[in-house]
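Everything below concerns the one structure shown next.
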Amino acid sequence: MVPEKFFDQLPKVLDIVPPQPGEEALYAQIRQLLALAESDSEVKKTIVAAAVATEKEVIQPFCQWRHNGKPAGNGWNRSVNNA
């Protein structure tokens with residue numbers, strides 16, 4: 001996912017993937033935010049900046065191998081609590 005394009009692509013995804021039961025209100029809120037962002041460039045800048053920051057501060061660190069189990073030596077990790 002390219003965070004700068006996320007909110008440009010999201011409406012198409014919402015059109016393709018119907019809401020599950022109980023998600024209708026969430027979809028409506030997201031569509032409302034997207035409509036507001038389309039009409040107000042400051043809102044668009046703000047949500048894109050949030051997506052970029054989330055990618056950098058949350059997603060990228062989460063994908064690092066050091067978060068995948070415990071070090072087992074020689075660059076390998078082992079799983080924990082996976083009975």
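Worth pointing out:
- Pair list, Cβ under 8 Å, 6 or more apart: segment 1-23 residue outside any loop (DSSP other than H, G, I, E, B), other residue not aliphatic (A, V, I, L, M): Pro3/Thr54; Pro3/Glu55; Phe7/Lys44; Pro11/Arg31; Leu14/Tyr27; Leu14/Arg31
Yes or no, residue by residue, for (1) farther than 16 Å from Glu4 by Cα; (2) in a helix (DSSP H, G or I); (3) in contact (Cβ under 8 Å) with a residue 24 or more places away in the chain; (4) among the acidic types (Asp, Glu):
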{"position": "Ala28", "(1), (2), (3), (4)": "yes, yes, no, no"}
{"position": "Arg31", "(1), (2), (3), (4)": "yes, yes, no, no"}
{"position": "Ala37", "(1), (2), (3), (4)": "no, yes, yes, no"}
{"position": "Glu42", "(1), (2), (3), (4)": "no, yes, no, yes"}
{"position": "Ala50", "(1), (2), (3), (4)": "no, yes, no, no"}
{"position": "Ile59", "(1), (2), (3), (4)": "no, yes, no, no"}
{"position": "Ala72", "(1), (2), (3), (4)": "yes, no, no, no"}
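- Subset of segment 29-83 [touching a strand residue (DSSP E or B) at 6+ places or on another chain (Cβ under 7 Å), basic (Lys, Arg) and surrounded by 11 or more Cβ atoms within 10 Å (Cβ to Cβ)]: Arg78
- Between Val17, Val80, the distinction of being at pLDDT below 90, more than 15 Å from the chain's Cα centre (by Cα) and on the phi < 0 side of the Ramachandran plot belongs to Val80 only.
The values are calculated or read from the model by the stated rules, or taken from the named source; none is laboratory data. What you see is a predicted model; the values in this text were computed from it and never measured. Note: ideal-geometry Cβ built from the backbone for every residue, glycine included; neighbour counts use all protein chains shown.
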